Every structure is written in structure tokens, then in C-alpha cells.
Amino acid sequence: MSESRIKCPACWKKFTIKDTKKITCPYCKTSWETKPPLPEKKAYLFVESSHSNKKLWKKNIAISIIGIIIIVILLEYPFITALSNETQISFITETQISVTRTIIIPPNTLNYSVHIPAPPTIAGQQVSFAISPNVPFIVEKKYGTNWFIFNSNIAQISGNISITYKLKSIAQSWNMEPSMYGAISQEPQNLVSQYPNNTNEWVIMPTAPSIKSLAQSLEANSTNVYTTLDNIFIWEITHVQYKIDVNETSPANSTTVLERHWGRADELAFLYASIARAVGIPTWVAFGPLYDTSTLTWSDHAWDMACLPLANGGYVIGQIDPSTQEFLLKDPYRFIEYVDNGNPTALMYYYNFSNFASLSPGASISYEFYTSNYIKSIDYVVPPLFGEYFGYVPKVQILVRKYAF
């Protein structure tokens, strides 16, 4: 008689048999005739004759449960998932911000004047609920922007001017498919005229030879606006270092930043705008406070806004931040207080926000942010560290380019 090895349909163990009409498993004692019958589905899970089969069943169930949990976590909370040179990030969709700005007027100040831009409501990006200064003021519209004016003619004070802002900041992303966007020649003429490539705007210098030469190389014969903006973005974040604590009384111009290969947030934004304008893409700078979720502090910040014509007509205004390396997205951890309108005098007015005459030699006005309480709810929450509000915070998944310098 020939011998062969078979597998028991009950306990799945293999053993050797000789040709016989009736076969009995030496392990679980299950018997059958000639060929083993096709087992019922329940035989794989509920055969009680083998202790080892029970262990296998438990192992399979445990593996399945773990797999399901992993899949659910990845789908619901992607956090940071590497996708070649892109990163998928989950942001909370919006935050309600309550932040107070303090301006300290030095003692014995004879005359002072301070002007602060009023953060606007911007559809789909931020809602300004209330702005509450603690001293008398007037509102003046200048260069297309509303300014809060504090001066010694309105109120003679020696101490602090505090302004509390209450806003909602909303996360927003823009499509990252190049075919969605049109050519540079499709840029709207009114914005091309407002942010031209043949005129410098103070520190934004699209006419500088070094800027123009670099811009032409980055355009690389591509007429697609998205591709060109992306090329500029990749070049800048890999060639120009972002520095935070830089002791400069005024921003360096774009050619200086290009030569030294480093700059503050506003200087990186000016350089990006200079290069983009040089190839004919209307690009300008937005200013406002940025919240650091790791240090829980605010700081002044600046980033870019650019016009992207759509392939099928119309256009969108996207946001690009070379400092935080975010391409075509706005996170909810910031708000806009001033937007560059192409007028160099207006841009300088924003920077030179104060002047005063003091009896105290060497006195200066400090200009800082500090946070007050956040409202935590389904709709409005403090910007959390990842995972602080599992299953509680509404999230939006955003694809964003991230590169290490």
C-alpha cells in the first residue's frame, strides 16, 4: 500500500495514512471515509475537539481586530503621513481666537501716535467678531485699510494700550493639480497692474537683475501658473533659510535676502513675491500673528498670496508660506491683519506704526502679543497639538508640500 500525507479538516494537522476507506485523525479523532468531505464553514471556527484549533481561532480573531483598529486610525487620524515629497496633515477646521496686543507707552511721553490695522473679515478665511481697545481712539481709513489711531491729542496716557481681538480663523486649501490652472497670460489685468513686474514696491524688487534672472530660470519655459509658483516655492525653501530671532530695525530688501540666503518671515515673503512678480504672476504679502502650537505663543508673521487663473476661466487667490513651508493652504493658527495693496507708501506706513517724543532718553514702544482664554467647543477650539482632542475636533485633511532645508 502506498502512503500519503493529508490534512485533517477539523484540526488542520497533517499526518500520514495508507490507502484505506476509513480515515481517523490521530490527533482529534475525527473520522471520515475515503476523501475528506468539504467542511462546513463553522468547522474552521467552532470545532471543539482540538485545543490547538481554539488557539488558532483566537489568534486569527486577534489579528483581525488589530488590523481593523489600525485601518480606522489611519483613516480617521492621518496626522502626518509621508507621500513622496508631499505630506498629509490634519488640521482642525477652525479656531476661535481671543488675543490681546499690548503697546507700552514709555513714562514721561509728551506726544505719541500709534496706528494699528483692523483685522478684516475675509470670506471663507476669517471672521472678525470684536476689536476692543482699552483707551480712546479713532478709526481712519487710509490706503484702503481701516486703522485704529491712538495719539496724545485723543488721550494723554502713560502706560499700556491694550487691544483685544476676537476672531474666527478658518483652514483653507486649494487644489494641487496643475491641470486645474491656466497660463500666466490668463492673469487678470487689474491685478497685473496692481502688482506689476516692471515696478519695485519698496523691498519687493521684481525689476532687480538678480531677481529677474532667477525668475526666468525657475519659470523654465512653463506657462502654467501652478507649476511656476511651485518651482519658486521649492527653490526658496531649499536655498533660503528661515531665521526667527533677527535683530533688524527694518526689513532687508529682496536682493539682500537673495545674496545672503536667509531672512525673517516677512523677508522670505518679499523675496517670493519679487520672483513671482518678475515672471508676471500677481503676488503680494499678508501680515498677521501666527500661533505656535508647540510653545503656545504668538509672533508677528508674514506670508504670500498669489493669483492663480483657472484653466476653464476665472481665478482663485491662494496662500503660500515659505517660512512654514505650506503651499496653497492656510492653517487656522493665524489671522490676517493687513494685506499689501501694491502701494509702497502704504507698506512703509504699516511698518512705521508709531512715533513719539519722550522725556526719557532711549525710550521705545514695545509691541507684543499674548493670549487670553480660548473657547473650547465643537466649532471653536484652541489649536491643539496632534491628538489632543481625539474624536472631538472637526478636522480637514490637507495635502501640503513639506521640504527640509
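Protection proxy ranking of 204-211, 118-125, 319-326, by the mean of other Cβ atoms within 10 Å over each peptide's residues and highest first, is 319-326, 204-211, 118-125. The convex hull defined by the C-alpha atoms of the range 181-262 has an orientation-averaged projected area of 6.2 nm².
Taking the average, over residues, of other Cβ atoms within 10 Å as the packing measure, peptides 187-197, 166-176 rank 166-176, 187-197 from highest down. FRET efficiency for the residue 300 to residue 65 pair, using the beta carbon distance and R₀ = 41 Å, is estimated at 0.25. Put a dot 7 Å past the Cα of residue 177, heading toward its Cβ, do the same for residue 341, and the two dots end up 3.7 nm apart.
Going by the alpha-carbon gyration tensor, a ≥ b ≥ c the square roots of its eigenvalues, is the range 235-325 rounded (a/c under 1.5) or, if a/c is not under 1.5, prolate (a/b greater than b/c) versus oblate?
Because a/c hits 1.5 or more and a/b fails to exceed b/c, the range 235-325 counts as oblate.
Sorted largest first, the spans of the alpha carbon positions of the range 214-277 along the three principal axes are 39, 18, 17 Å.
Dipole size of the range 138-255 about its Cα centre, with +1 on Lys/Arg Cβ and -1 on Asp/Glu Cβ: approximately 440 debye, rounded to the nearest 20.
Our note on the geometry: Cα centres of the range 111-160 and the range 281-339, 22 Å apart. So what does log10 I(q)/I(0) come out to for the range 141-221 at q = 0.27 Å⁻¹, using the Debye formula with one equal point on every Cα and no solvent? The Debye formula, applied to the Cα set alone, gives -1.32. Does anything in the range 270-304 have its amide N under 13 Å from the 7 Å Cα→Cβ label point of residue 351, and if so which residues? Under 13 Å, as judged by backbone N against the label point of residue 351, lie 270-271 of the range 270-304. Between residue 16 and residue 130, the modelled labels are 8.9 nm apart [label points 7 Å from Cα along Cα→Cβ]. Across the cross-link table entries 141/168; 142/243; 141/330, which are compared at the Cα atoms, the separations over 30 Å belong to 142/243.
Placing pseudo-labels 7 Å out from each Cα toward the beta carbon at residue 216 and residue 199 gives an inter-label distance of 2.4 nm. The fewest-to-most ranking of 305, 180 by surrounding Cβ atoms within 10 Å reads 180, 305. Using the average count of surrounding beta-carbon atoms within 10 Å as a protection proxy, the listed peptides 274-280, 331-337 rank, highest first, as 274-280, 331-337.
Can you give the extra length, in nm with one decimal, that the chain gains between residue 152 and residue 317 once fully stretched, where that is 0.36 nm per residue apart less the Cα-Cα distance?
Computed gain between residue 152 and residue 317 is 55.4 nm.
Annotation note: GluC sites (Glu not before Pro) in the range 244-282 located in DSSP loop regions with a Cβ neighbour count of at most 12 within 10 Å are 248. Using only Cα atoms, what Kirkwood radius does the range 177-342 have, in angstroms? This gives a value of 15.8 Å.
Any read-out appearing in this document is the output of simple, stated calculations on the displayed coordinates, not a laboratory observation. Model, not experiment: these values are computed from the prediction. Virtual Cβ from ideal backbone geometry, glycine too; neighbours counted across all protein chains shown.
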